[in-house]
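Remarks on the structure that follows.
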Amino acid sequence: MNGSDVTIAVVLAAGLSRRFGGDKLLSPLQGKPLAAHIAATLAALDVAHRVAICSASADRETLFTAQGFEIVENGEPGRGMASSLALGARRALDLGAARMLVCLADMPFVTAAHLRLLMAAGGNLVATEAEGVRSPPAVFSHSILSALTQLTGDGGARHLLRDAVVIRATPEMVRDFDLPSDFRQAGEQL
């Protein structure tokens, strides 16, 4: 891979699971921890580096390192998703990334095929859209990474997604898990 096509995959996994009442990323879904689903999907992609932004959780770190991820610790996860996104962008810049693929650890049904479509699309920013809502997974080009390092709050890069090239997905593919009822709806016993 030359420098012009280096893609870094970043998974945001530092959330505090406040609404869940425990560590949702370690809760079982279809026989494995919730976050293990996106970790395995990203491990199967041809990218230069895989980075997981985690809060101080040895169990989360172990889950991701087992799939070949580098861990970047977010020491202040209470500052919101933007703090994790900023850390990911800094690491992508340090690694000389041409682009950064961002996924959320609580979206277990995102497919490798969808991620490949995102990475193959042109443009400085490519986002997923389901039923008119734009969200991660998303790909940010090198030209946007510096701006991402300055983000604050829990909105992440939502304001940037308005101008993104869009790859459509089903609502089920980008379903995120926030509450125990989300697991129950998926047929899991908590």
Residues located in segment 67-82, provided they are within 13 Å of the chain's Cα centre (by Cα) and touching a residue at least 60 places away in the same chain (Cβ under 8 Å): M81, A82
Matching residues in segment 44-57 - criterion: being at pLDDT 90 or above and either among the acidic types (D, E) or under 26 Å from E76 (Cα atoms) (or both): D46, H49, R50, V51, A52, I53, C54
Pairs with Cβ under 7 Å, 6+ apart, first in segment 1-20 and under 22 Å from D106 (Cα atoms) and modelled with pLDDT of 80 or more, second buried (at least 19 other Cβ atoms within 10 Å of the Cβ) and of a type in the set (S, T, Y): L12/S84; A14/S55; A14/S84
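Which of the following residues is assigned to a loop (DSSP other than H, G, I, E, B) and surrounded by 14 or more Cβ atoms within 10 Å (Cβ to Cβ): M173, M100, M119? Give the steps one after another, and end with the answer.
Numbers: M100 fails: assigned to a loop (DSSP other than H, G, I, E, B); M119 fails: assigned to a loop (DSSP other than H, G, I, E, B).
Sole residue among the options that is assigned to a loop (DSSP other than H, G, I, E, B) and surrounded by 14 or more Cβ atoms within 10 Å (Cβ to Cβ): M173.
Against the condition at pLDDT 95 or above, of a type in the set (K, R) and in contact with a strand residue (DSSP E or B) (Cβ under 8 Å, 6 or more places away or on another chain), how does R60 come out, does it pass?
Working: at pLDDT 95 or above: no; of a type in the set (K, R): yes; in contact with a strand residue (DSSP E or B) (Cβ under 8 Å, 6 or more places away or on another chain): yes.
Considered against the rule, which asks whether it is at pLDDT 95 or above, of a type in the set (K, R) and in contact with a strand residue (DSSP E or B) (Cβ under 8 Å, 6 or more places away or on another chain), R60 comes out as no.
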Checklist (1) within 21 Å of F20 (Cα to Cα); (2) part of a loop (DSSP other than H, G, I, E, B); (3) polar (S, T, N, Q) applied to S181, failing item: (2)
Set R162, R79: member being surrounded by fewer than 15 Cβ atoms within 10 Å (Cβ to Cβ), modelled with pLDDT under 95 and of a type in the set (K, R): R162
Conditions (1) in a helix (DSSP H, G or I); (2) at pLDDT 90 or above; (3) in contact with a strand residue (DSSP E or B) (Cβ under 9 Å, 6 or more places away or on another chain); (4) not aliphatic (A, V, I, L, M); number of the one not met by S146: (3)
Within segment 38-96, tally of residues that are touching an Asp or Glu at 6+ places or on another chain (Cβ under 9 Å) and assigned to a helix (DSSP H, G or I): 11
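The values are calculated or read from the model by the stated rules, or taken from the named source; none is laboratory data. Keep in mind that this is a model prediction, so the values were computed, not measured. Every residue, glycine as well, gets a Cβ built from its backbone with ideal geometry; the counts of neighbours run over all protein chains shown.
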